[in-house]
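Colleague: First the structure, which I've put down as structure tokens, then a few questions once you've had a look.
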Amino acid sequence: MAFKCDIPARPTVQVDDDVVRITRWDFEPGAVTGWHTHGWPYFVVMLVDGTLRIHDGKTETDVPLSAGQSYRRAAGIEHDVMNASKHPIAFVEIEVKRPAGLV
């Protein structure tokens, strides 16, 4: 279940190889990623202070985060992410395709 919004967040893939995919996401206020499922475990690092509104298909949760703050999630997460801030935000998402020790 996605948010009702016509403003897409802008992904910029910085690295996409056998080990990781690193994507910078830029969001105008109210912009969304669209409903998606993560196929790999991933990390997010905020570039600016902001609030992410997460829709998991059942509930919406506001998550305030500070610039430099990070978090991680397991593979299989399904959700839509919205910028609930009154200003543009950006974060870097790092999806781990396989542990570096196996390279």
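The values are calculated or read from the model by the stated rules, or taken from the named source; none is laboratory data. From a predicted model like this one, the values you see are computed outputs, not experimental measurements. Here the Cβ positions follow ideal geometry from the backbone for every residue, glycine too, while neighbour counts run over all protein chains shown. Note: areas computed on protein heavy atoms with side chains; ligands, DNA, RNA excluded. Shrake-Rupley method; radii C 1.70, N 1.55, O 1.52, S 1.80 Å.
Colleague: Pull out all pairs, ordered by first then second residue, where Cβ-Cβ is under 7 Å, the residues are six or more apart or on different chains, the first lies in the range 81-92 and is touching a residue at least 60 places away in the same chain (Cβ under 8 Å), and the second is open to solvent by 30 Å² or more (accessible area, probe 1.4 Å) and among the aromatic types (Phe, Trp, Tyr).
Modeller: ALA90/TRP25; PHE91/TRP25
Colleague: Have a look at THR37, THR12, THR23 and point out the one that is within 13 Å of the chain's Cα centre (by Cα) and open to solvent by less than 50 Å² (accessible area, probe 1.4 Å).
Modeller: THR23
Colleague: What single numbered condition from (1) open to solvent by 50 Å² or more (accessible area, probe 1.4 Å); (2) small (Gly, Ala, Ser); (3) modelled with pLDDT of 95 or more fails to hold for ALA100?
Modeller: (3)
Colleague: Let me ask something else about it. LEU47 versus (1) hydrophobic (A, V, I, L, M, F, W, C); (2) without any contact (Cβ under 8 Å) to a residue 24 or more places away in the chain; (3) within 13 Å of VAL92 (Cα to Cα): which is the lone unmet condition?
Modeller: All conditions are met except number (2).
Colleague: Same structure again: Looking only at residues in the range 52-79 that are among the basic types (Lys, Arg) and out of contact with any Pro (no Cβ under 8 Å at 6 or more places or on another chain), which one is most open to solvent (accessible area, probe 1.4 Å)?
Modeller: LYS58
Colleague: Oh, and also: Of everything in the range 50-93, what is farther than 21 Å from ARG21 by Cα, in a loop (DSSP other than H, G, I, E, B) and modelled with pLDDT under 95? Give them in sequence order.
Modeller: ASP56, GLY57, LYS58, THR59
Colleague: Another one. Consider the range 1-44. How many of its residues are hydroxyl-bearing (Ser, Thr, Tyr) and within 18 Å of GLU60 (Cα to Cα)?
Modeller: The total comes to 2.
Colleague: Please identify the pairs in which a residue from the range 52-78 that is closer than 19 Å to ASP26 by Cβ has its Cβ atom under 7 Å from the Cβ atom of a residue that is open to solvent by less than 60 Å² (accessible area, probe 1.4 Å) and hydroxyl-bearing (Ser, Thr, Tyr), counting only partners at least 6 apart or on another chain.
Modeller: The qualifying pairs are VAL63/THR51; PRO64/THR51.
Colleague: OK, next. Would you pick out the residues in the range 40-49 that are touching a strand residue (DSSP E or B) at 6+ places or on another chain (Cβ under 6 Å) and either open to solvent by 30 Å² or more (accessible area, probe 1.4 Å) or part of a loop (DSSP other than H, G, I, E, B) (or both)?
Modeller: The answer is TRP40, PRO41, PHE43, VAL45, LEU47, VAL48.
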